[in-house]
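Let me begin by presenting the structure, written as structure tokens, before commenting on it.
The values are calculated or read from the model by the stated rules, or taken from the named source; none is laboratory data. Predicted model only: the values in this text are computed from it and were never measured. Cβ coordinates were reconstructed from backbone atoms using ideal geometry, including for glycine residues, and neighbour counts include every protein chain displayed.
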Amino acid sequence: MTEVNAYAAHADDQPLAPLTIDRRAPRPDDVAIEILYCGVCHSDLHFAKNDWGLTRYPVVPGHEIVGRVTRVGDDVTRFKPGDVVGVGCMVDSCRTCAACKDDVEQYCLNDFTMTYGSDDRHDGTMTQGGYSESIVVSEHFVLTMPEGIDLPSAAPILCAGITTYSPLRHYGVRKGHKLGVIGMGGLGHMGVKLAKALGAEVTVFTRSEDKVEEAKRHGADHVVISTDEAQMKAVAETYDFMLDTVPVEHDINPYLAALKYDGTHIMVGLINGLEPPVQGANLIFKRRVLAGSLIGGIAETQELLNFCAEHNITCDVEMIDMQNINEAFERMKKGDVHYRFVIDMASLKSTT
Ligand code: NDP
Ligand code: ZN
């Protein structure tokens, strides 16, 4: 065991604060990683505030981790000390069920192990995430960071990137498709870049007038201000797909109406119930589909890292020190993120 510095949520009504946690000695298939950067996902905020009713405290958030290998267990074959690697939202799964065999470990029939807030399958301790100096992860769940990729701006690919890429690939989004991306935050801005790289015509739906120019800079072909009823009506029956990244309850009926017949609305943002409810007619009369998608498998995440390196796609990041995480959470709540906070973990070492 090694004691390491971290930042944790201690209660749903408290700011994040320092905590010392134990990291296990590497098991034979483990990789020990010194964390260099960690992205700040809206899920970290949901989890810290117990929005999903799952949280046990104290919990160290963070699942967009980039770091350097410091030690490996005896059975590890793909990594060696000094390698630069990534860890996303999963650190384990059963590896034997149909989903794991299909390389979609996120749908493991025996529940995948989240990077933070899950019980470790071997020793039962609760997993703790990337707002910390180091982490120890089974080799299968460790990604290779492609040569030359900018590391801080690649960290969010490990969640924001794969969560948007996986449904785009699953539904075969390509040239000739019209796609709407709802909410331009961390996930949304990656959704725009990735859908453009796959050839789709992309429209951003945002509440924020000040994001119009930025959306175009990310490659969006069109922008609709979602609070403007006239603009929403003007795009009725236009899109093949909607990628919905909004993290709070919202009315999806106007977005369903903007889909063509046979169009698909893909929820990635909201886990809780929809309010107001979906009008059945918005689905039935046009054979529309309401779908959901959860992160992406390990092989697909590696494919995406390589795709991003090849197409020169990175996240727009604002670097912060670990000590500024509570301010970053406040800004995230207001939708004021352009477009991902990434923690420089050197800040944790220098002050604690
Ligand atoms: P961000 O906070 O970075 O972005 C969310 C965006 O949604 C905002 O920028 C804003 O865009 C829009 N938004 C925010 N609040 C509201 C509101 N009250 N009404 C309407 N729109 C709003 O979050 P992330 O991109 O990091 O995450 C988005 C959601 O996706 C979170 O709920 C997160 O938990 C979830 N998630 C899901 C995953 C999955 O596997 N399915 C994986 C990772 C995250 P604008 O200003 O353009 O309107
Ligand atoms: Zn995330």
Please state which of the following conditions residue 100 fails to meet, knowing it meets all the rest: (1) free of Cβ contacts under 8 Å to residues at least 24 places away in the same chain; (2) of a type outside the set (Gly, Ala, Ser); (3) within 15 Å of ligand 1 (Cβ to nearest atom); (4) buried (at least 20 other Cβ atoms within 10 Å of the Cβ).
(3)
Based on what the data block shows, is residue 268 within 9 Å of ligand 1 (Cβ to nearest atom) and either surrounded by 12 or more Cβ atoms within 10 Å (Cβ to Cβ) or not assigned by TED's automatic domain parsing to the domain that holds residue 203 (or both)?
yes
Of the criteria (1) under 30 Å from residue 155 (Cα atoms); (2) in contact with a Lys or Arg (Cβ under 6 Å, 6 or more places away or on another chain), which one residue 227 fails
(1)
Unmet criterion (only one of (1) among the aliphatic types (A, V, I, L, M); (2) under 14 Å from residue 266 (Cα atoms); (3) in a helix (DSSP H, G or I)) for residue 173
(3)
Based on this model, can you work out whether residue 183 counts as outside the structural domain of residue 102 (by TED's automatic domain parsing) and without any contact (Cβ under 8 Å) to a residue 24 or more places away in the chain?
no
How many residues, within segment 106-117, are more than 17 Å from residue 43 (Cβ to Cβ) and either aliphatic (A, V, I, L, M) or crowded, with 21+ Cβ neighbours inside 10 Å (or both)?
1
Restricting to segment 255-265, and then to whatever is hydroxyl-bearing (Ser, Thr, Tyr) and assigned to a strand (DSSP E or B), can you tell me which residue is surrounded by the fewest Cβ atoms within 10 Å (Cβ to Cβ)?
261
Identify all residues within segment 185-241 that are touching a helix residue (DSSP H, G or I) at 6+ places or on another chain (Cβ under 6 Å) and within 16 Å of ligand 2 (Cβ to nearest atom); write none if there are none.
186, 187, 190, 191, 194
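Yes/no matrix, rows are residues, columns are (1) within 16 Å of ligand 2 (Cβ to nearest atom); (2) hydroxyl-bearing (Ser, Thr, Tyr); (3) in contact with a Pro (Cβ under 6 Å, 6 or more places away or on another chain); (4) without any contact (Cβ under 8 Å) to a residue 12 or more places away in the chain:
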position	(1), (2), (3), (4)
83	no, no, no, no
88	yes, no, no, no
110	no, no, no, no
115	yes, yes, no, no
140	no, no, no, no
145	no, no, no, no
150	no, no, no, no
157	yes, no, no, no
166	yes, yes, no, no
So for segment 207-227 (the condition being in contact (Cβ under 8 Å) with a residue 12 or more places away in the chain, under 16 Å from residue 186 (Cα atoms) and polar (S, T, N, Q)), does at least one residue qualify?
yes
When residue 284 is run through (1) more than 30 Å from residue 66 (Cα to Cα); (2) touching a helix residue (DSSP H, G or I) at 6+ places or on another chain (Cβ under 9 Å), the failure sits at (2)
Among what's in segment 90-108 and is part of a helix (DSSP H, G or I) and more than 16 Å from ligand 2 (Cβ to nearest atom), pick the residue that is farthest from residue 156 (Cα to Cα).
98
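Look through 281, 236, 195 and report the one residue that is part of a helix (DSSP H, G or I), in the same structural domain as residue 171 (by TED's automatic domain parsing), among the aliphatic types (A, V, I, L, M) and surrounded by fewer than 19 Cβ atoms within 10 Å (Cβ to Cβ).
Numbers: 236 fails: part of a helix (DSSP H, G or I); 195 fails: surrounded by fewer than 19 Cβ atoms within 10 Å (Cβ to Cβ).
Just a single option satisfies the conditions, and that option is 281.
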Residue 181, sole failed condition from (1) over 30 Å from residue 216 (Cβ atoms); (2) assigned to a strand (DSSP E or B)
(1)
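Got a sec? Which of 10, 63 is out of contact with any helix residue (DSSP H, G or I) (no Cβ under 8 Å at 6 or more places or on another chain) and either under 21 Å from residue 326 (Cα atoms) or outside the structural domain of residue 336 (by TED's automatic domain parsing) (or both)? Spell out how you get there, then give the answer.
Working: 63 fails: out of contact with any helix residue (DSSP H, G or I) (no Cβ under 8 Å at 6 or more places or on another chain).
Within the list 10, 63, the selection yields 10.
So that you can scan it fast, the table gives a plain yes or no per residue for (1) acidic (Asp, Glu); (2) under 22 Å from residue 299 (Cα atoms); (3) at pLDDT 95 or above:
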{"site": "181", "(1), (2), (3)": "no, no, yes"}
{"site": "185", "(1), (2), (3)": "no, no, yes"}
{"site": "190", "(1), (2), (3)": "no, yes, yes"}
{"site": "204", "(1), (2), (3)": "no, no, yes"}
{"site": "208", "(1), (2), (3)": "no, no, no"}
